[in-house]
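The values are calculated or read from the model by the stated rules, or taken from the named source; none is laboratory data. A quick note: this is a predicted structure, and the numbers were derived from the prediction, not measured. Virtual Cβ from ideal backbone geometry, glycine too; neighbours counted across all protein chains shown. To get the accessible areas, we keep the full protein, side chains included, count just its heavy atoms, and leave off ligands, DNA and RNA. Shrake-Rupley method; radii C 1.70, N 1.55, O 1.52, S 1.80 Å.
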Amino acid sequence: MAETGQTDPRTDTSRPLWTLAIVLFVALEGLGLQMRGPLLPILEAEWGIGKGLQGLVGPAGTLGFAVTVLAAGAVAGRIDTRRYFLGGIVVTVLGVLGMALAPVFVAYLGLLVVRGLGTGVSRGLDRPLLGHLYSNARGRVFNLYDMAWAIGAASGPAVLSLAVALGNWRYAYVTLAVAFGVVAALVWRLDPPNVDAEEALDVAGALELFRTPAVGATVVALVFHTGLEGAMFLWLPTFGGEIADLGATRANLLLSAFIVAYIPGRFVYTLIAERVPYGPLVIALEILIAPVFVWTFFLADGTAVFAGVVVLGALVSGIFPTLLAFGTQAAPEYSGPINAVSTSVASVSLALVPVAMGALAALTSIRTAMWIPLAMTVLVAPTVLIARRADPNI
């Protein structure tokens, strides 16, 4: 991100506006992502698609995203951050608007790919930019960033439900496209960010970087962790309606409850992230996640599921940003590639795990399919422990 000279980012007067633009963008990205789960039963009724096809929504949203977030992050030290960040938002607007107008399910999936292409470019640049603007508090600012995502994501099911109440689910996507357009207008008026700390990385350097214990463990652990998040984001409303017998409206609220719990959770982790080592914090959270998950999805029933989902959301919310800070601290000058690879491979897991769950649910039930994310999340803590044994200083 070395396009504008040597100004100390702490004295950069544009920093608050860049922070605002990034926070608004990621909040809207979360909102759009979390409209997809509650939309599945509606699309099933409107277009007659089964659960196997519904599971393709995850990969379609990830396909373009995984490619462009990786590409943008890999060259973050050599491109004009403002221009590419803005371009990503513009493509996102076009994709979202197209989704609002999609006449059939295949078109919806294709436009979801377009939206992911644009979102991936901007997401490949925004977190590294924040990391350089706030280089002395990455754990704190990454948790704040993800708290903004959580606020938007928690609004997703409610926005979709409001659109349906007003007459059509498509209204939600039109509104989202307009909101992204406002963020694009803000970025258009901003000066390029004054940071000069990102190093370019060649293939040999990348291989060496990802052999670093903390960085390699971050990538692997995020694959395991985001499998659980992908499962919750896409299948919680279905679980609530079919297994917990909550009814359609309350089943959608189950996803909202899970995401709303991210907000206070990430606020707490924002306060403690620089006081507790990142690795032990992740391990402690994972030790608590497994039994809460088992109780919520295999023992609890009815309204009690809400309590389990809220506790689970608060615990899960601290894993992704803290893991990313864990890896970035090992090589902060390469935060762009670390963010790009971590986010890219995590997004693949976010997409593919729900597909596997959909296939298993079609044969058995969505409750049985919940064993897949449980099996993945129990592998996070051992991965971090192995990295810390290789390098006790992380």
Calculated log₁₀ intensity ratio I(q)/I(0) where the Debye formula runs over C-alpha points of segment 14-200, q = 0.16, 0.17 Å⁻¹: -0.95, -1.06
Using unit Cβ charges (K, R positive; D, E negative) and no other charged atoms, how large, in debye to the nearest 20, is the dipole of segment 14-200 about its Cα centre? 80
With every protein chain kept in place and a 1.4 Å probe, the chain has an accessible area per residue in Å² of 37
When only the heavy atoms of the protein chains count and the probe is 1.4 Å, how do 129, 53 rank by accessible area, highest first? 53, 129
What does the charge count around residue 187 come to, taking other residues whose C-beta lies under 11 Å from its C-beta (Lys +1, Arg +1, Asp -1, Glu -1)? +1
Can you list the HN-Hα couplings for segment 149-164, worked out from phi with the Karplus curve (6.51, -1.76, 1.60; θ = phi - 60°), rounded to whole Hz and with x for Gly and Pro? 4, 5, 4, x, 4, 5, 7, x, x, 5, 4, 5, 4, 5, 4, 5
What distance in nm lies between label points placed 7 Å from Cα along the C-beta direction at residue 368 and residue 276? 3.8
Residue span residue 359 to residue 170: 0.36 nm per residue of separation minus Cα-Cα distance leaves a gain in nm of 65.3 nm
On the full set of protein chains, 1.4 Å probe, figure out the accessible area of residue 367 and give it in Å² to the nearest 10. 70
Rounded, prolate or oblate for the chain? Axes are the square roots of the Cα gyration tensor eigenvalues, ordered a ≥ b ≥ c, and the cut-off for rounded is a/c under 1.5. oblate
